[in-house]
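For reference, the structure discussed in these notes is given below.
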């Protein structure tokens, strides 16, 4: 078997159960009776060494996504991790983590038509908004989220939802309420910087890949 450099190899060793009853009874120093609970002691174990091919580098994954996009009607799923969605800390940016924005840019440039699916419960920045044909906000879809999104993308279900929050065009461009009592809405003069506002949303029957509604 030939594995690429950097791969990990997996092996499992299973140890048979050990019965300590006879050994303990035969030890005169212990002086155990037949009813001793110590005679029920046994042991077994399993040692596992997990192996898997080395993960692909981000550059390789992005290149592969581009290659697939050139011959497909493409849906790009991006989103936030549980670290970004946590209530334990304030966000420093609304940008997608990692190289997800680059992924959308490159796939949108390569594909004939691109629908971006945002699996995020909070607003994200969309620097690629004018490059994709449609955006589906999945929010918190739950266990059946995958099936629900697929049904929307192939036209089995209509996109009947509306945005429950505003999506700013850049960090600092959102209308933010002050946290102090009696404070007023800040950034009201910059409303034009919010490209998608709460309550917006378009529905459309049929295949979103065939007829895109912005």
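Kindly put 94, 56 in sequence by how many other C-beta atoms sit within 10 Å of each C-beta, fewest to most. Working shown, then result.
Details: 94 20, 56 12.
Going from least to most buried by this count: 56, 94.
Structural descriptor for region 58-165: relative contact order 26 percent, calculated from alpha carbon pairs under 8 angstrom and at least 6 residues apart. The fewest-to-most ranking of 156, 87, 131 by surrounding Cβ atoms within 10 Å reads 87, 156, 131. In terms of other Cβ atoms within 10 Å, 59, 171 run from fewest to most in the order 59, 171.
All of the numbers you see were taken from the coordinates with simple rules; none came from a lab. Given the structure is predicted, the values throughout are model-derived calculations rather than measurements. Glycine gets a Cβ as well: all are built from the backbone with ideal geometry, and neighbour counts include every protein chain shown.
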